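One structure below.
The values are calculated or read from the model by the stated rules, or taken from the named source; none is laboratory data. Every value quoted in this text rests on a predicted model; they were computed, and no experiment measured them. So basically every Cβ, Gly included, is an ideal-geometry build from the backbone, and we count neighbours across all protein chains shown.
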Amino acid sequence: MNINIIQNMNDQSRLFAKAIADDTRRDIMKHLCCVWLSVNDVVDALGGDVKQPTVSHHLKKLEEASLVHIRQEGRQRFYSLNQEQVTVCCGDLISHFAPDLVGSVIKPDSIPVMDMLDFGNNG
């Protein structure tokens, strides 16, 4: 592998690659797609196999990579997958590792974006 490719990746893409390298974080991301979940909701969605402190740690890593939206309600935080950031980072990885396919990648600004704060109010 050409080490210069990795060195040329931006910080967000590196954080993204590190975040998705973990099986548990990928599972959490799947559960956070299109919904708002609390830490305890995520623990339940994972079947109780991963304890709350570990889920909190993984959510922090996803937050550092800007892969989750966070909504604060009182003392509780709710998380939802930041699909736009996932799209941007995937596009960046494709441009570095599969440049021949760049032309077939959908540009993020051509994807309709729903305001995640309004997501639960649409029916």
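Numbers at a glance
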| item | result |
| --- | --- |
| Any hit, the range 84-99, residues being surrounded by 13 or more Cβ atoms within 10 Å (Cβ to Cβ), charged (D, E, K, R) and within 14 Å of ALA19 (Cβ to Cβ) | yes |
| Filtered residues of the range 45-66 (kept if out of contact with any strand residue (DSSP E or B) (no Cβ under 9 Å at 6 or more places or on another chain), farther than 19 Å from ARG14 by Cα and assigned to a helix (DSSP H, G or I)) | GLN52, PRO53, THR54, VAL55, SER56 |
| So HIS69, is it assigned to a helix (DSSP H, G or I) and not hydroxyl-bearing (Ser, Thr, Tyr) | no |
| Boolean, LEU46 is touching a Cys at 6+ places or on another chain (Cβ under 7 Å), of a type in the set (A, V, I, L, M) and at pLDDT 95 or above | no |
| Residue list for the range 5-43, filter: of a type in the set (D, E, K, R), at pLDDT below 95 and surrounded by 11 or more Cβ atoms within 10 Å (Cβ to Cβ) | ARG14, LYS18 |
| Filter result (free of Cβ contacts under 8 Å to residues at least 12 places away in the same chain, at negative phi and not acidic (Asp, Glu)) within the range 56-89 | HIS57, LYS60, ILE70, GLN72, ARG75 |
| Enumeration of residues in the range 68-102 that are at pLDDT below 95, closer than 18 Å to LEU15 by Cα and among the hydrophobic types (A, V, I, L, M, F, W, C) | VAL86, VAL88, CYS89, CYS90, LEU93, ILE94, PHE97 |
| Residue satisfying condition, being under 28 Å from SER110 (Cβ atoms) and of a type in the set (A, V, I, L, M, F, W, C), within set PHE78, PHE16 | PHE16 |
